[in-house]
Amino acid sequence: MSAIESVLKENRVFEPSETFTAHANVSGMDAYNALCEKANADYEGFWAELARDNITWKQPFTKILDESNAPFFKWFEDGKLNISYNCIDRHLADKADKVAIIYDKDDGSSENITYRQLYERVCQLANGLKSLGVKKGDRVVIYMPMVADAVVAMQACARLGAIHSVVFGGFSAGAVKDRVKDAAAKIIITANESVRGGKRVPLKATVDDALAGGDCTSVEKVVVLQRTDADVAWSDDRDIWWHDLVQHQASDCEPEWVGAEDPLFILYTSGSTGKPKGVQHSTGGFLLGAIVSMKWVFDYKPNDVFWCTADVGWITGHTYIAYGPLALGATQVVFEGVPTYPDAGRFWHDIEKFKVTIFYTAPTAIRSLIKLGADLPKKYDLSSLRLLGTVGEPINPEAWMWYYQIVGNSRCPIVDTWWQTETGSNMIAPLPGAVAIKPGSCTLPLPGIIADIVDESGAPVEKGNGGFLVIKRPFPSLLRTVWGDNERFKSTYFPEDFGGKYYVAGDSAHRDENGYIWIMGRVDDVLNVSGHRLGTMEIESALVANPLVAEAAVVGKPHDVKGEAVVAFVVLKGERPHGDEAKRMAAELKNWVAHEIGKIAQPDDIRFGENLPKTRSGKIMRRLLRSLAKGEEITSDISTLENPQVMEQLKHSV
Ligand code: WTA
């Protein structure tokens, strides 16, 4: 494979302000470099010290990293701890009355839950689950709305040493069934319904469907939270209401002390092809990654109000809702609703209402909020904000600039955090009081994360050239295996092509002259136009830089001469254009790309839609777009799409 070419030119740089740097947990580049050097000089000692300082151990570890059975690495193996103890109990001495969770409900009402109250709710549920026979190592599927109780359920499992597997509440019965079966779950925790954007979605009925065929023989009980007044079908010997289960339970529950390597959870990644993988995380290493990134990347301070808008169905909701903020004793917003309800000002309204200081969301949310109301943030007092973050995909520089200027009032650094379900916590992101930021770059690796960009032989590529993003040393929060499939773990993440030594992320990236990392997209999405290998991200960013464009996705389609031609799927800020208007717009955008990055990247084919096909977590489904580009019938299941109706619009070239 020839190197992947980088064609994007982005020259804007924003230094951290003196005040931000003065108060930052990692203050200035010297402090950042010192941490990196410490990790380089004594890699294990570096992580061991952090693990001792940040985690409360029941039994201290004596072993640090065991690489003898690579890539099945072990960290802190003989240490014993409980993550729920670390997230709750250890704060009770001095923070019992501090608000842990501001539960921000769909209808706009809210409820404050203190650390003491959270402790009691978690203990009662843990005792209830115990009464159902749940013990260490058992699997519990959590299929719930974004209610505060979803966090309670995760914490209760962790308290017992049970392994949770959260299944996103938007998934179908088939997806629930596959995951329940793969994990052989004993218990499912769900709700009668969820409420999103004023609409009710049945959850219990979906669980009933999933269990109907009789395939899920492992399931003994279904615990049902009563979120709404809706009646649901009931199976007396299997189903039990959450409120009945906890009613007479004690509000104390001794945590189960587990080994650092005991699994904390499984989280299935849908991936674009094939059977979902059960990404399995450890207890100690995962917790450490969550804590250090909260301190370094989110610069967490005791007075912060932290808001991560993800769903607990995704890794971001695990690390930066269910565990990270609680481990630090933070106050955080847990948001049940959707960003567009009651209108596209919901985020800004709630930032003002709860005086949020750190706000973490996804580029896809940012782009859709620009489209629906670019001026809306100005209606609210957002002066409480001090730090903004993004995650999930590369953020196009123009969306970044809007977030920076309009939401952050050019005051708040943006931490563009690159990481994955598999890495468990942030890997590459600016430490905001140290690293100057550039729109569209996730900048530099966290201290102790040895990231590099290599060609297919594993050799580092020259600056400016694209290649495979790898992590060269095992780090604590890395996944331990794919549940029940060690071979798949090895071949997917430590492939022999790279000598089996490096964690291969599956993303393409390049480094600029300052050593900053720019993610170019998934390796599988790279286009090959006339022998030039181009990442999707850069062409998409060029399109989004046009003032009329809200969103864009590009894929390749076979071309006799060029090998592949670029096909662009575009959403405009205004109406979707038709007829001559669409032709004129398409011509204008082709010229625009040629002018911004060069003729080589110019789309042959442009299609306009009101939206793009996205997974429920907001990722663009390029696999479907590739089929559309080639004019193929879509035969795969598109029921897990957020917006299946846009597929029809995108079938046709202008
Ligand atoms: C992409 C989400 C560019 C990337 C935490 C990665 C990003 C995949 C970024 C993992 C970012 C995530 N910049 N790309 N800041 N963050 N990605 O498992 O392709 O849902 O491999 O984890 O999202 O997605 P996942």
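The values are calculated or read from the model by the stated rules, or taken from the named source; none is laboratory data. Please read these numbers as outputs of a predicted model, since none were measured by experiment. FYI the Cβ positions are ideal-geometry reconstructions off the backbone, even for glycines, and counts take in every protein chain you see.
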field: Pairs with Cβ under 7 Å, 6+ apart, first in segment 434-461 and more than 16 Å from VAL26 (Cβ to Cβ), second β-branched (Val, Ile, Thr) and part of a loop (DSSP other than H, G, I, E, B)
entry: LYS438/VAL13; GLY440/ILE395; ILE453/VAL461; VAL454/VAL461; ASP455/VAL461
Lone unmet requirement of (1) at pLDDT below 95; (2) assigned to a loop (DSSP other than H, G, I, E, B); (3) away from the ligand (no atom under 16 Å from the Cβ); (4) not β-branched (Val, Ile, Thr) for GLY618: (3)
message: Looking at the structure I just gave you, is ILE471 more than 30 Å from ARG52 (Cα to Cα), at pLDDT 95 or above and surrounded by 14 or more Cβ atoms within 10 Å (Cβ to Cβ)?
response: no
task: Would you point out the residue of segment 442-463, among those that are touching a strand residue (DSSP E or B) at 6+ places or on another chain (Cβ under 6 Å) and not aliphatic (A, V, I, L, M), that is farthest from VAL415 (Cα to Cα)?
output: ASP455
query: Residue check: is VAL312 closer than 16 Å to HIS164 by Cα, within 14 Å of the ligand (Cβ to nearest atom) and either at pLDDT below 95 or assigned to a loop (DSSP other than H, G, I, E, B) (or both)?
result: yes
task: Could you check, for segment 50-59, whether at least one of its residues is closer than 28 Å to LEU326 by Cβ, over 28 Å from the mean Cα position of the chain (by Cα) and among the aromatic types (Phe, Trp, Tyr)?
output: no
message: Please verify whether TRP307 is more than 19 Å from CYS442 (Cα to Cα), more than 14 Å from the ligand (Cβ to nearest atom) and part of a strand (DSSP E or B), treating the condition exactly as stated.
response: yes
field: Which numbered condition THR228 misses (of (1) within 23 Å of THR309 (Cβ to Cβ); (2) buried (at least 20 other Cβ atoms within 10 Å of the Cβ))
entry: (2)
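Conditions tested, residue by residue: (1) modelled with pLDDT of 90 or more; (2) over 25 Å from ALA362 (Cβ atoms).
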| position | (1), (2) |
| --- | --- |
| ASN546 | yes, no |
| LYS557 | yes, yes |
| ALA565 | yes, yes |
| ALA587 | yes, yes |
| LEU612 | yes, no |
| GLY631 | yes, yes |
| HIS652 | no, yes |
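Only one of ILE102, ILE88, ILE64, ILE142 is free of Cβ contacts under 8 Å to residues at least 60 places away in the same chain, surrounded by 15 or more Cβ atoms within 10 Å (Cβ to Cβ) and either in contact with a helix residue (DSSP H, G or I) (Cβ under 6 Å, 6 or more places away or on another chain) or of a type in the set (A, V, I, L, M) (or both). Can you tell me which?
ILE64
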- request: Name every residue in segment 376-421 that is within 13 Å of the ligand (Cβ to nearest atom) and assigned to a loop (DSSP other than H, G, I, E, B), in order of residue number.
  value: GLY392, GLU393, PRO394, ILE395, ASN396, TRP419, GLN420, THR421
- prompt: So which strands (runs of 3 or more DSSP E) stay within segment 490-573 end to end and still have 2 or more residues that are in contact with a helix residue (DSSP H, G or I) (Cβ under 6 Å, 6 or more places away or on another chain) and within 16 Å of the ligand (Cβ to nearest atom)?
  reply: 503-511, 517-522, 549-559
message: Taking the condition of being away from the ligand (no atom under 12 Å from the Cβ) and either under 15 Å from the mean Cα position of the chain (by Cα) or not in a helix (DSSP H, G or I) (or both), how many residues in segment 290-304 meet it?
response: 9
task: Take segment 92-138 and flag every residue that is touching a Cys at 6+ places or on another chain (Cβ under 9 Å) and charged (D, E, K, R).
output: LYS130, ASP138
statement: With the first residue restricted to segment 4-30 and required to be on the phi > 0 side of the Ramachandran plot and outside any loop (DSSP other than H, G, I, E, B), and the second required to be of a type outside the set (D, E, K, R) and surrounded by 12 or more Cβ atoms within 10 Å (Cβ to Cβ), Cβ contacts under 6 Å at 6 or more apart or on different chains are none
query: How do the pairs read when you match residues in segment 374-385 that are closer than 9 Å to VAL356 by Cα and in contact (Cβ under 8 Å) with a residue 24 or more places away in the chain with residues anywhere that are in a loop (DSSP other than H, G, I, E, B) and among the basic types (Lys, Arg), using Cβ under 7 Å and keeping only pairs 6 or more apart or on different chains?
result: SER384/LYS355
message: Being touching a Cys at 6+ places or on another chain (Cβ under 8 Å) and touching a residue at least 60 places away in the same chain (Cβ under 8 Å) is the filter here; which residues of segment 161-185 pass it?
response: ILE163, HIS164
Yes/no for PHE608 being of a type outside the set (Val, Ile, Thr), closer than 18 Å to ASN396 by Cα and modelled with pLDDT of 95 or more: no
- prompt: Name the residues in segment 318-343 that are within 15 Å of the ligand (Cβ to nearest atom) and free of Cβ contacts under 8 Å to residues at least 60 places away in the same chain, would you?
  reply: TYR320
- prompt: Does ILE358 fit the bill of being of a type outside the set (Asp, Glu) and either at pLDDT below 95 or within 12 Å of the ligand (Cβ to nearest atom) (or both)?
  reply: no
task: Working carefully through the options LYS135, LYS95, LYS74, find the one that is of a type in the set (D, E, K, R) and closer than 27 Å to LYS301 by Cα.
output: LYS95
task: Give VAL232, VAL195, VAL201, VAL222 a once-over and let me know the one that is of a type outside the set (Phe, Trp, Tyr), in a strand (DSSP E or B), farther than 21 Å from ARG121 by Cα and without any contact (Cβ under 8 Å) to a residue 60 or more places away in the chain.
output: VAL201
Given (1) surrounded by fewer than 22 Cβ atoms within 10 Å (Cβ to Cβ); (2) over 29 Å from GLN280 (Cα atoms); (3) more than 26 Å from the chain's Cα centre (by Cα), number of the condition VAL567 does not satisfy: (1)
field: Looking only at segment 313-353, and only at residues there that are of a type in the set (Phe, Trp, Tyr) and under 14 Å from the mean Cα position of the chain (by Cα), the one that is surrounded by the fewest Cβ atoms within 10 Å (Cβ to Cβ)
entry: TRP314
